[in-house]
Amino acid sequence: MLIKTTSSAYDHGVPSEITPTEVYHARRDLLRWMASGAAGATLASWGAREAFAQSVKLPGKNVPLAAVKSPVAGAMSLEKLTDYKDATGYNNFYEFGTDKSDPARNAGTLKTSPWSVEIEGLVKKPGRYALEDLLKLSAMEERIYRLRCVEGWSMVIPWLGYSLSALIKRVEPLGAAKYVEFVTLADPKTMPGVTSRVLDWPYVEGLRLDEAMHPLTLLSFGMYGELLPKQSGAPLRLVVPWKYGFKSGKSIVKIRFTDKQPLTAWNKAAPREYGFYSNVNPGVDHPRWSQASERRIGEDGLFARKRKTLLFNGYEAQVGQLYAGMDLKTYF
Ligand SMILES: Nc1nc2c(c(=O)[nH]1)N[C@H]1C(S)=C(S)[C@@H](COP(=O)(O)O)O[C@H]1N2
Ligand SMILES: [Mo]
């Protein structure tokens with residue numbers, strides 16, 4: 001079964017009264033119908049895989065991706081989606097500049113093909129994995145996740161990808177592996193920001209192995225039905241929805257399995273401000289500001305109210321157990 005999408009529906013540049021969110025909702029209805037249709041979820045999943053394999057062409061401009069509605073997406077799907085133009089025009093991607101508008105303006109130089117990810121360290125199957133193979137490693141799912149930045153803003157985005165655990169299982173970590181390190185691209189020729197000293201490049205992030213294996217941890221290749229735009233971390237990034245945004249590394253080139261807690265970019269830059277865990281927690285303030293509330297991007301009009309920030313960004317039921325018995329003020 002193939003999903004037909006008209007490319008115009010995803011042409012964000014079209015002057016039209018239809019907003020990307022509305023277009024997106026129409027498509028989501030299609031996905032819902034597909035997942036619950038006569039063919040059943042299994043067939044739908046296979047259909048999506050097939051359609052996906054046929055629709056992806058690299059390099060080139062974004063093409064519609066097919067996906068099935070994720071069984072682990074959760075209740076976030078009831079929240080209003082952030083408009084595409086906000087989600088792709090207000091970004092943190094310091095390799096392209098520190099201003100929120102810099103990535104959209106500068107990331108055009110990023111070369112996303114060919115692309116591969118080096119898997120190394122404590123695994124049975126290390127090696128270089130081509131993007132094309134990673135795209136097909138597991139069925140693509142659509143997950144609506146809220147992402148909250150440590151700076152105090154949040155967005156709700158329909159991501160496309162699959163659980164990172166699918167890749168981890170494939171490369172078979174050794175018993176000694178306790179952490180996973182994510183190294184992202186640092187290419188001074190295409191990334192103007194890496195000549196500045198704001199961070200120690202490359203941008204590195206890390207998770208405990210059980211966090212990385214959690215089904216909510218998404219290896220993402222797309223959003224809003226398309227391949228990731230460059231400013232959003234093309235061609236692949238992590239989305240860890242219960243942690244502050246900076247834990248979700250963009251444009252990953254290396255995944256290393258280790259027995260030691262990785263030194264991460266923001267932790268190195270300001271260890272008292274950015275801990276290794278960085279779980280969203282309204283009860284643990286950043287030393288220079290409160291984390292109790294947040295501003296939803298797109299709701300910043302005159303009468304917009306701040307939203308209360310939720311423990312683990314609202315995913316406590318799913319991930320709380322990972323931190324049982326830990327003092328979250330010590331392990332911030
Ligand atoms: N390589 C890389 N990844 C990165 C960053 C970065 O500067 N470089 N910024 C992080 C931060 S602080 C946030 S909040 C999210 C922002 O993701 P978005 O622009 O898709 O909303 O990306 C994270 N991943
Ligand atoms: Mo952030």
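The values are calculated or read from the model by the stated rules, or taken from the named source; none is laboratory data. What you see is a predicted model; the values in this text were computed from it and never measured. Cβ: placed from backbone, ideal geometry, glycine included. Neighbour counts: every protein chain shown. Only protein heavy atoms, including side chains, enter the accessible area calculation; ligands, DNA and RNA are left aside. Shrake-Rupley method; radii C 1.70, N 1.55, O 1.52, S 1.80 Å.
So how do L302, L311, L81 rank on accessible area, 1.4 Å probe, biggest first, that is with the largest at the start?
Details: L302 155, L311 50, L81 0 Å².
Largest to smallest exposure gives the sequence L302, L311, L81.
In this simple spin-label model, placing a label point 7 Å from the Cα along the Cα-to-Cβ direction at both K100 and R128 gives a separation of 3.9 nm.
Any idea what the dipole of the stretch 226-332 comes to, in debye rounded to 20, about its Cα centre with Lys/Arg Cβ at +1 and Asp/Glu Cβ at -1?
Numbers: 18 positive and 9 negative charges, 58 e Å.
With only Lys, Arg, Asp and Glu charged at Cβ, the dipole is about 280 debye.
Taking all protein chains as they are arranged and a probe of 1.4 Å, the heavy atoms of L185 leave approximately 40 Å² accessible to solvent. Round to a whole angstrom and tell me the spacing of the C-alpha centers of the stretch 73-133 and the stretch 189-220. Answer, in whole Å: 9.
Of all aspartates and glutamates in the structure, the ones whose alpha carbon falls short of 12 Å from that of K69, not counting any fewer than 8 places away in one chain, are D29, E141, E142.
Filter K178/K329; K100/K268; K250/K306; K189/K329 down to the pairs with a C-alpha to C-alpha distance above 30 Å, please. Before the final figure, lay out each step's value.
Numbers: K178/K329 22 Å; K100/K268 22 Å; K250/K306 27 Å; K189/K329 40 Å.
Beyond 30 Å: K189/K329.
Ranking of W159, W153, W289 by solvent-accessible surface, largest first: W289, W153, W159 (1.4 Å probe, protein heavy atoms only, all chains present). Across all C-alpha atoms in the stretch 75-150, the radius of gyration and Dmax reach 16.6, 43 Å. Each other residue within a Cβ distance under 10 Å of K250 adds +1 if Lys or Arg and -1 if Asp or Glu, for a net charge of 0.
Positive end of the charge dipole of the stretch 119-230 (Lys, Arg +1 and Asp, Glu -1 on Cβ, about the Cα centre): tell me which of L199, Y145, G175 has its Cα farthest that way. Positive-end residue among those listed: G175. When the surface is traced with a 1.4 Å probe over the full set of protein chains, R170 keeps roughly 120 Å² accessible.
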